[in-house]
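**Q** Dumping the structure here so I can ask a few things about it.
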Amino acid sequence: MRNVTKDNITDVFRSYMAEDMPPRTREIMSALVQHMHDFARETNLTHEEWGQGIAFLQGCAAVETEDRHEFVLASDVLGLSSLVDMLHSSETATSSSVLGPFHVSGAPPLAVGGDMKRDFGGPVLLAEGVIRDTDGNPIAGAELDIWQTAPNGLYASQDDEQDTFSFHGLMTVGADGRYAFTTVKPVEYTVPSDGPVGDILRACGRHPWRPSHLHYIVKAPGYKSLVTEIFPDDDPYLDQDTVFGVRDDLVMRYHEKPANEFPDGMALSGKVNDPFLSVNFDVVLAKA
Ligand code: BEZ
Ligand code: FE
C-alpha cells in the first residue's frame with residue numbers, strides 16, 4: 001500500500017500479516033495494534049509524548065535484573081496482571097490474585113503446624129484452613145507454597161538482613177486437607193517506586209502501598225493451580241491496593257485470642273504467652 005493514511009493504517013497493518021500465521025497470534029496482534037492506533041488517534045499523541053513512552057520502556061529494561069522485574073511491576077500497577085487473573089479465575093474456586101515478583105522457588109518444607117515467625121518481633125498469627133475441591137471435599141496431599149514480608153515490610157530477596165528463605169515455606173497437607181502454620185502478622189508495604197514504575201505512579205498522583213497479605217500458591221494433581229493472597233479486613237489500604245489484588249473472598253477477619261487458647265499440636269504450642277491473632281481461610285481449587 002502506497003497511500004497509507006492515519007485512517008487506513010490499521011487495516012494496512014492487518015493486510016501485511018501472512019495468511020498462514022497462527023489464528024490466535026493474528027487475533028492478538030490485530031487487536032493490539034488496533035487499540036494502540038486508536039489510542040494515538042484518540043489522544044492525538046505527539047512525538048514528544050510517545051518519546052516519553054519509549055523512554056519509560058527503555059527505563060524498565062535498564063533496571064531489570066534477576067531480582068527486579070520492572071515490566072511485571074508495570075503490568076501490576078497498570079491493572080493488567082489483575083485483569084488477566086480475573087479473566088481466567090474460576091467462579092466456583094477461591095479467587096486468584098497477583099503473584100508479584102517476590103516468590104522464590106525451592107522454599108524449605110514447612111510441616112503442618114510449623115512456624116515461620118522464628119525470632120522476628122510482632123504479633124503471632126496462626127493461619128489455618130482446609131484445602132478443598134468445589135464440592136467441599138478435602139484435597140489430600142495438596143501443596144501450599146507460602147511467602148510474605150518480614151515485619152520491616154521487606155521480602156527476603158530485598159533484604160540483606162534475612163536469609164534467602166525467611167518467611168517462605170512449602171507445606172504438604174495430609175488426608176484431611178488441613179494446613180496450619182504460625183507466622184508474624186504481615187504488614188502493609190510499598191512496591192518498589194524508585195524506578196520508572198514509580199515515575200508512572202507519581203505522574204498519576206498514586207501511592208505505592210499494598211495492604212498487608214499472605215501469599216499462597218496452592219497445587220494438587222488434577223486441579224488448577226491457584227495463586228492467591230489473604231488480606232485482613234481492617235487494613236487501611238484494602239480499598240486502594242496499588243496492584244488491584246483485593247477480592248471480596250480473600251478478605252478475612254484476624255481474630256485476637258488469649259494466649260491460653262493457642263492450640264496444641266503446633267510448633268509454638270506452649271510457647272505463646274501473649275494474645276495472638278488467628279485467621280481461618282479455606283482454599284477451594286477447581287478441577288483442571
Ligand atoms: C507482592 O505482593 O509481592 C507484589 C505484587 C505486585 C507488585 C509488587 C509486589
Ligand atoms: Fe506481596
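**Q** Take the residues in the range 155-171 that are without any contact (Cβ under 8 Å) to a residue 40 or more places away in the chain and open to solvent by 60 Å² or more (accessible area, probe 1.4 Å), then tell me which one is nearest to Asp115 (Cα to Cα).
**A** Asp163
**Q** If a residue must be open to solvent by 40 Å² or more (accessible area, probe 1.4 Å) and either in contact with a strand residue (DSSP E or B) (Cβ under 7 Å, 6 or more places away or on another chain) or within 14 Å of ligand 2 (Cβ to nearest atom) (or both), how many such residues does the range 64-84 contain?
**A** Of the residues in that region, 2 qualify.
**Q** Next question. What residue, among those in the range 234-276 that are in contact with a Pro (Cβ under 8 Å, 6 or more places away or on another chain) and open to solvent by less than 20 Å² (accessible area, probe 1.4 Å), is farthest from Pro211 (Cα to Cα)?
**A** Phe276
**Q** Going by what's in this entry, would Pro109 be described as out of contact with any helix residue (DSSP H, G or I) (no Cβ under 6 Å at 6 or more places or on another chain) and away from ligand 2 (no atom under 16 Å from the Cβ)? I'd like the intermediate steps shown before the answer.
**A** Numbers: out of contact with any helix residue (DSSP H, G or I) (no Cβ under 6 Å at 6 or more places or on another chain): yes; away from ligand 2 (no atom under 16 Å from the Cβ): yes.
So Pro109 fits the description; yes.
**Q** Another question, then. If you take the residues in the range 188-207 that are open to solvent by less than 50 Å² (accessible area, probe 1.4 Å) and free of Cβ contacts under 8 Å to residues at least 60 places away in the same chain, which one is nearest to Leu154 (Cα to Cα)?
**A** Tyr189
**Q** Here are Ala111, Ala93: which of them is open to solvent by less than 50 Å² (accessible area, probe 1.4 Å) and more than 14 Å from ligand 1 (Cβ to nearest atom)?
**A** The unique qualifying residue is Ala93.
**Q** Of the numbered conditions (1) in contact with a helix residue (DSSP H, G or I) (Cβ under 8 Å, 6 or more places away or on another chain); (2) in a helix (DSSP H, G or I), Lys6 fails exactly one; give the number of that condition.
**A** It is condition (2) that Lys6 fails.
**Q** For the range 214-232: of the residues being of a type outside the set (Lys, Arg) and not in a strand (DSSP E or B), which is least open to solvent (accessible area, probe 1.4 Å)?
**A** Taking the range 214-232 as the starting set, the residues that turn out to be of a type outside the set (Lys, Arg) are 214-218, 220-223, 225-232.
Applying the additional criterion that residues be not in a strand (DSSP E or B) yields 220-222, 225.
Details: Ala220: 11, Pro221: 115, Gly222: 51, Ser225: 73 Å².
For the range 214-232, the residue satisfying everything is Ala220.
**Q** On to the next question. Can you name the residue in the range 200-246 that is of a type in the set (Lys, Arg) and closer than 21 Å to Val187 by Cβ and, of all such residues, is farthest from ligand 2 (Cβ to nearest atom)? Talk me through it step by step, then tell me what you get.
**A** To start, the set of residues in the range 200-246 that are of a type in the set (Lys, Arg) comprises 202, 206, 210, 219, 224.
Checking which are closer than 21 Å to Val187 by Cβ leaves us with 206, 210.
Details: Arg206: 17, Arg210: 6 Å.
The selected residue is Arg206.
The values are calculated or read from the model by the stated rules, or taken from the named source; none is laboratory data. These numbers come from a predicted model, not from an experiment. Note that each Cβ is placed from the backbone with ideal geometry, even for glycine, and that neighbours are counted across all protein chains shown. These area figures cover heavy atoms from the full protein model, side chains too; ligands, DNA and RNA do not enter into them. Shrake-Rupley method; radii C 1.70, N 1.55, O 1.52, S 1.80 Å.
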